Amino acid sequence: MTLSSASAKTVYHDGLFARACIWLLTRKMALAVGQGSLRSGYDGFVEVSTRIMSGRTAPEQRAMVSQVLASLVPAPVLWLIRTAFSPTRWVCESNAWFATVMFEWLVGPCEVKTVEVPTADGVRQQNSGVQIKKCRYLEASGCVGLCVNLCKVPTQDFFTQKFGIPLTMTPNFEDMSCEMVFGQPPPPLETEDAYSQPCLVQDCDTAIATHPCPKTRQGDNFS
């Protein structure tokens, strides 16, 4: 699957809040890798995040981003949320709403959607899904490995393990959309389509169109 290069790049006009969030996340990543960027704004954030890949296996990349995410929230707050709030319908739906309000600067326009989540009695419908219409990070980076290693897996792990709220993210590499489902435990990565996704040949200089993106697998060991 490939991205259509015919589609014009989305233009964003970041306000003060968005610029502050981009600066903070870029700074945290720069501290982690020991090197910043001469570029400003979102382009600088993508450049710094790309450096996390250099010399690191896929699991090491995911672990580093997980540490960066954890550093954004004080440990006592993480403990309180994980201890006091079980992943009830209300909690999952509240997280979905919060994500659409607070993280548009990172992923682009998104909206709450109704999804089915597993329960002890089967499945139930709830408004705990988030539909990202066109992921800003994927569009800006054009890289399957960055999407999987630096966004999908660390974000799932952060919410599932640190907050105690299961989250599954399913990127669509055809149209750059992504579905987030709060309340749904993430399946093993090696069973997902994203793990077998070829490089985006029109966006990646080292793309191998007929093989899974090697950046998502380097150093993985599921045995």
- Message: Restricting to segment 1-29, name every residue that is small (Gly, Ala, Ser), modelled with pLDDT under 95 and closer than 25 Å to Ser66 by Cβ.
- Response: none
- Query: Looking at Thr50, Thr26, Thr57, which one is without any contact (Cβ under 8 Å) to a residue 24 or more places away in the chain and of a type in the set (Val, Ile, Thr)?
  - Reply: Thr26
- When residues of segment 159-183 are limited to those that are in contact with a Cys (Cβ under 9 Å, 6 or more places away or on another chain) and assigned to a loop (DSSP other than H, G, I, E, B), the one surrounded by the most Cβ atoms within 10 Å (Cβ to Cβ): Gly183
- Message: Among the numbered criteria (1) under 15 Å from the mean Cα position of the chain (by Cα); (2) at pLDDT below 95, which one does Thr100 miss?
- Response: (2)
- Query: Has segment 65-75 got at least one residue that is closer than 18 Å to Cys135 by Cβ and in a helix (DSSP H, G or I)?
  - Reply: yes
- Report whether or not Glu111 is surrounded by fewer than 22 Cβ atoms within 10 Å (Cβ to Cβ), closer than 28 Å to Leu16 by Cβ and touching a residue at least 60 places away in the same chain (Cβ under 8 Å). no
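From the set of residues in segment 76-106 that are in a helix (DSSP H, G or I) and of a type in the set (S, T, N, Q), which is surrounded by the fewest Cβ atoms within 10 Å (Cβ to Cβ)?
Step one: filter segment 76-106 for residues in a helix (DSSP H, G or I), giving 76-84, 89-102, 104-106.
Retained after the next criterion (residues that are of a type in the set (S, T, N, Q)): 83, 94-95, 100.
Numbers: Thr83: 9, Ser94: 16, Asn95: 20, Thr100: 18.
Selected residue: Thr83.
The values are calculated or read from the model by the stated rules, or taken from the named source; none is laboratory data. All of these numbers come straight from a predicted model, not from anything done at the bench. Don't worry about glycine lacking a Cβ; one is built from the backbone with ideal geometry, like all the others, and counts go over all protein chains shown.
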